[in-house]
Amino acid sequence: GARSARTVRDSSVKSDPTVSQSGPMASRPELAEAPPDDVIVAVFHQDDCGHCEEYIPRFEAVAGKFPDVSYVLANIDSKQGAAYVEKFGVRLTPTTMILRKGGKSEMHEGQLSDLAIEIIFLKAKQK
């Protein structure tokens, strides 16, 4: 698909954390709390982002094929999500990242094809 994205807007934080998580780490509130060997695939999105609304259901459909890989949907309009913008250098939404605790992260801006999402999950499975 086309790589469409929306620029992160500089707006006031609307609400407290609205980060939804799935997979083995669903109970963990913060990405930073993951132990060193954990890997998370994260999608940063924001309210009123049409590209995000199109992308997230496709992302979640592909993620369902990889139950052993944790992922998080981080709304950057939330307090917790806004902190991720600065921490991870998110400039556009949606942005998909492989976050490795204590290791190198990988960032992909804009909507990705289903195949590209699968490749991200396969990379995340690699130690």
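All of the numbers you see were taken from the coordinates with simple rules; none came from a lab. In this text the structure is predicted, and so the values were computed from the model without any measurement.
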Next item on the list: List every residue whose amide H lies under 5 Å from the amide H of SER70, counting only residues 5 or more places away in sequence or on a different chain, with H placed 1.01 Å from N in the peptide plane.
Entry: VAL41
Note to self: Calculate log10 I(q)/I(0) of segment 47-127 for q = 0.22, 0.25 Å⁻¹, where I(q) comes from the Debye formula with a single equal point scatterer on each Cα and nothing for solvent.
What the structure shows: -1.17, -1.44
